[in-house]
1. FRET efficiency for Asp165 and His121, Cβ-Cβ distance as r, R0 = 30 Å, nearest 0.05?
2. Expressed in whole Å with the largest first, what are the equivalent ellipsoid semi-axes of the chain derived from the C-alpha gyration tensor as the square root of 5 times each eigenvalue?
3. Taking a virtual spin label 7 Å from the Cα of Lys20 along the C-beta vector, which residues in the range 36-77 bring their backbone nitrogen under 12 Å of it?
4. Give, as a single signed number, the net charge of other residues whose beta carbon lies under 14 Å from the beta carbon of Ala190, with Lys and Arg counted +1 and Asp and Glu -1.
5. Output the Cα-based Rg and Dmax of the range 166-210 in Å, rounding Rg to one decimal and Dmax to a whole number.
6. Through the Karplus equation 6.51 cos²θ - 1.76 cosθ + 1.60, θ set to phi - 60°, convert the phi angles of the range 92-101 into ³J(HN,Hα) values in whole Hz; use x for Gly and Pro.
7. Taking only the alpha carbons of the range 53-165, what extent do you get along each of the three principal axes, in Å, biggest first?
8. Within a Cβ distance under 11 Å of Glu117, other residues only, what is the Lys/Arg minus Asp/Glu net charge?
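Quick note: the coordinates plus some simple rules give every number you see, no bench work behind them. On a predicted model such as this, the values are computed, not experimentally measured, just so you know. Counting neighbours? That spans all protein chains shown, and the Cβs are built from the backbone with ideal geometry, glycine included.
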Amino acid sequence: MTIRNPDMIIHLLRSKKVVKFEEIQNALESASRTTTFRYLKHVQYVRSYNYNGCYYTSWDPTLFDRWGLYSYGDIYFSRDGKLDKTVIRLVCESGAGLTQRELQDLLKVRVQVLLLEGLRHKKICREKVGGFYLYFHNDPTIMESQLQARVTSLPSETKNFLQIDSHNVIKVLLVLIRQPGSRPAEVVRALRGHTPPITMVQVVDIFDRYSLEEIGKKKGSTVS
């Protein structure tokens, strides 16, 4: 009788691009699920994030694209393994945040529930920009950078839909006069508790429209 060992799984994964769990069990001479998972702990592999994770492939960093994704036909893999971790990573690594549609186009699966879970556990943040929700890093400084990049990239006709209240502009300017060189995230913190509340989107848009990045380094402002 052949003695089971992890090399049986390694040989199988090297012989085929992707395999099902049942094939791994057969390679281990009809091992039980518990036994199969025990041997898998000694093998470098990644499971598909679709098809309920029933497909396996050998771990190979060179397979993944710049998004950390790999596909074989309609079977999708991520360097993170699990889909929830992949969604959070992609949002946090994005240069300008991501919409639900952008994530779904990238991952080829639905992500709404995972995004809501990420929000609930405060792993990511969400802001409404130009009529749609964008998901960002949970670190205020990184989120600010992502949001600025997104607002800057919006077409002018979309920017016009972002409402700018003159009272909000004045409040932002007062913070910058008192605290020269403040970043949008710092302005939002300084204005916390105001009614109605001023959001990060509004502050970033005010910075962008009136070129407030350098205020405080110069005397006065040119907002009119």
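1. The value I calculate is 0.40.
2. The three semi-axes for the chain are 50, 15, 14 Å.
3. 54-56
4. Around Ala190, the charge tally is +3.
5. Considering the range 166-210 through its Cα atoms, Rg and Dmax are 9.2, 24 Å.
6. 5, 8, 5, x, 9, x, 9, 8, 4, 5
7. Projected onto its principal axes, the Cα set of the range 53-165 covers 55, 28, 23 Å.
8. Net charge in that neighbourhood comes out at +2.
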